[in-house]
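Peer 1: Before I ask anything, here is the structure I am working with.
The values are calculated or read from the model by the stated rules, or taken from the named source; none is laboratory data. Quick caveat: nothing in here was measured; it's all calculated off a predicted structure. Here the Cβ is made from the backbone with ideal geometry for all residues, glycine too, and neighbour counts use every protein chain on show. Quick note on the areas: whole protein, heavy atoms, side chains included, nothing else; ligands and nucleic acids left out. Shrake-Rupley method; radii C 1.70, N 1.55, O 1.52, S 1.80 Å.
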Amino acid sequence: MDYEAQYEQARQMAEQALKESLLDMGPHQELLQAMRYSLLAGGKRIRPVLVLKFCEALCGSMEPAVDYAVAVEMLHTYSLIHDDLPCMDNDDLRRGKPTNHVRFGEAVAILAGDGLLNAAFELMLREAASAGSLAGLRAAEIIARRAGVTGMIAGQTLDVTLEGTAPSLEKVSYIHAHKTADLLTAPLEAGLTLAGAS
């Protein structure tokens with residue numbers, strides 16, 4: 001199988017898991033609709049594919065990484081919803097469609113992002129607990145750290161607080177390393193950890 005076919009196979013696996021991930025998430029239909037609207041809006045799905053393929057590269061299977069792949073995409077999506085808000089980048093379109101806050105209003109968009117953030121950790125921790133997997137807990141911690149206050153959020157904070165100031169190479173590099181690269185590094189580390197890497 002060539003690389004494109006392998007990528008597509010992993011992408012389809014992730015896409016199917018994403019579609020199934022929010023089916024039983026409680027009674028608030030507008031919130032669930034807003035979460036699904038952004039989560040299922042398409043895209044390259046590079047982050048979940050990286051989790052799946054790095055796990056497979058070491059242990060021969062993508063299966064142990066499916067829930068973590070979904071969680072990483074949930075975290076990525078929550079960050080996009082919040083990034084698009086009027087208080088951040090104030091974007092009206094994402095992937096050619098109205099952004100979440102344009103479609104559902106600011107309050108529901110914020111809650112949809114919050115919902116995806118929490119759903120991601122609920123999914124990973126439930127999977128790790130049910131499998132009795134220390135590797136699963138470690139992978140969840142890696143993802144949390146890379147997405148958190150020393151990772152993606154740190155980069156986003158510097159990005160918004162420096163708006164209107166003169167950029168420096170050091171500050172721009174920091175923003176790229178954390179706002180963007182940490183959510184690309186997390187899937188690699190998590191996938192390998194799930195496959196048993198030290």
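Peer 1: Spot the failing condition for Ala41; the list is (1) over 14 Å from Ala195 (Cβ atoms); (2) assigned to a helix (DSSP H, G or I), and only one is missed.
Peer 2: For Ala41, the exception is condition (2).
Peer 1: On to the next question. What is the number of the single condition among (1) farther than 20 Å from Leu18 by Cβ; (2) of a type in the set (S, T, N, Q); (3) open to solvent by 40 Å² or more (accessible area, probe 1.4 Å); (4) in a helix (DSSP H, G or I) that Asn118 does not meet?
Peer 2: Asn118 satisfies every listed condition except (1).
Peer 1: Which one is surrounded by the fewest Cβ atoms within 10 Å (Cβ to Cβ), of the residues in the range 135-183 that are more than 23 Å from Asn90 (Cα to Cα) and among the basic types (Lys, Arg)?
Peer 2: Restricting to residues being more than 23 Å from Asn90 (Cα to Cα) and among the basic types (Lys, Arg), the top hit is Arg145.
Peer 1: Additional query: Among the listed residues Glu73, Glu56, identify the single one that is open to solvent by 40 Å² or more (accessible area, probe 1.4 Å) and out of contact with any His (no Cβ under 8 Å at 6 or more places or on another chain). So that I can check it myself, show each step before the final result.
Peer 2: Details: Glu73 fails: open to solvent by 40 Å² or more (accessible area, probe 1.4 Å).
Residue meeting the stated conditions: Glu56.
Peer 1: Turning to a different aspect of this structure: In the range 92-109, which residue that is at pLDDT 95 or above and in contact with a Leu (Cβ under 7 Å, 6 or more places away or on another chain) is most open to solvent (accessible area, probe 1.4 Å)?
Peer 2: Glu106
Peer 1: Return the only residue of Leu75, Leu39, Leu85, Leu50 being more than 12 Å from the chain's Cα centre (by Cα) and among the aliphatic types (A, V, I, L, M). Break it down into steps so the answer makes sense when it comes.
Peer 2: Details: Leu75 fails: more than 12 Å from the chain's Cα centre (by Cα); Leu39 fails: more than 12 Å from the chain's Cα centre (by Cα); Leu50 fails: more than 12 Å from the chain's Cα centre (by Cα).
Testing whether each residue is more than 12 Å from the chain's Cα centre (by Cα) and among the aliphatic types (A, V, I, L, M) leaves just Leu85.
Peer 1: Also: How many of the residues in the range 33-48 are without any contact (Cβ under 8 Å) to a residue 60 or more places away in the chain and within 19 Å of Leu123 (Cα to Cα)? Walk me through it before giving the result.
Peer 2: Just the residues of the range 33-48 that are without any contact (Cβ under 8 Å) to a residue 60 or more places away in the chain, to begin with: 36, 40-45.
Filter once more, so that each one left must be within 19 Å of Leu123 (Cα to Cα): 36, 40, 45.
Of the residues in that region, 3 qualify.
Peer 1: Okay, next question. Give me the pairs: first residue in the range 52-75 and under 14 Å from Glu15 (Cα atoms), second residue open to solvent by 10 Å² or more (accessible area, probe 1.4 Å) and of a type in the set (A, V, I, L, M, F, W, C), beta-carbon distance under 6 Å, and six or more apart or on different chains, which are they?
Peer 2: Leu52/Met62; Ala65/Leu194; Val66/Ala17; Asp67/Leu123; Val70/Ala17; Ala71/Leu123
Peer 1: Sticking with this structure for a sec: (1) part of a helix (DSSP H, G or I); (2) within 14 Å of the chain's Cα centre (by Cα): which one isn't true of Pro64, the others all being true?
Peer 2: Failed condition: (2).
Peer 1: If you don't mind, another one. Condition first: polar (S, T, N, Q) and buried (at least 23 other Cβ atoms within 10 Å of the Cβ). Now tell me which residues in the range 184-194 satisfy that. Steps first, answer last, please.
Peer 2: First, the residues of the range 184-194 that are polar (S, T, N, Q): 185, 193.
Scanning the range 184-194 gives a single hit, Thr193.
Peer 1: Residue check, Ala14 against (1) open to solvent by 50 Å² or more (accessible area, probe 1.4 Å); (2) free of Cβ contacts under 8 Å to residues at least 60 places away in the same chain; (3) within 18 Å of Glu122 (Cα to Cα), all met but one. Which one?
Peer 2: Evaluating Ala14 over (1) open to solvent by 50 Å² or more (accessible area, probe 1.4 Å); (2) free of Cβ contacts under 8 Å to residues at least 60 places away in the same chain; (3) within 18 Å of Glu122 (Cα to Cα) leaves (1) as the failure.
Peer 1: Within the range 130-138, is even one residue part of a helix (DSSP H, G or I) and within 19 Å of His76 (Cβ to Cβ)?
Peer 2: Of the residues in the range 130-138, the ones part of a helix (DSSP H, G or I) are 130-131, 134-138.
In the following step, the residues that additionally are within 19 Å of His76 (Cβ to Cβ) were identified as none.
Scanning the range 130-138 turns up no residue that is part of a helix (DSSP H, G or I) and within 19 Å of His76 (Cβ to Cβ).
Peer 1: So Val160 fits all but one of (1) of a type in the set (Val, Ile, Thr); (2) closer than 28 Å to Gly191 by Cα; (3) modelled with pLDDT under 95; what number is the exception?
Peer 2: (2)
Per-residue answers, yes or no, for (1) in contact with a helix residue (DSSP H, G or I) (Cβ under 6 Å, 6 or more places away or on another chain); (2) surrounded by 19 or more Cβ atoms within 10 Å (Cβ to Cβ); (3) at positive phi:
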| site | (1), (2), (3) |
| --- | --- |
| Leu18 | yes, yes, no |
| Leu23 | no, no, no |
| Arg47 | yes, yes, no |
| Ala69 | yes, yes, no |
| Asn90 | no, no, yes |
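Peer 1: Quickly run through the range 86-112 and pick out the residues that are free of Cβ contacts under 8 Å to residues at least 40 places away in the same chain and either in a helix (DSSP H, G or I) or under 16 Å from Leu31 (Cβ atoms) (or both).
Peer 2: Listed by number, the residues that qualify are His101, Val102, Gly105, Glu106, Ala107, Ile110.
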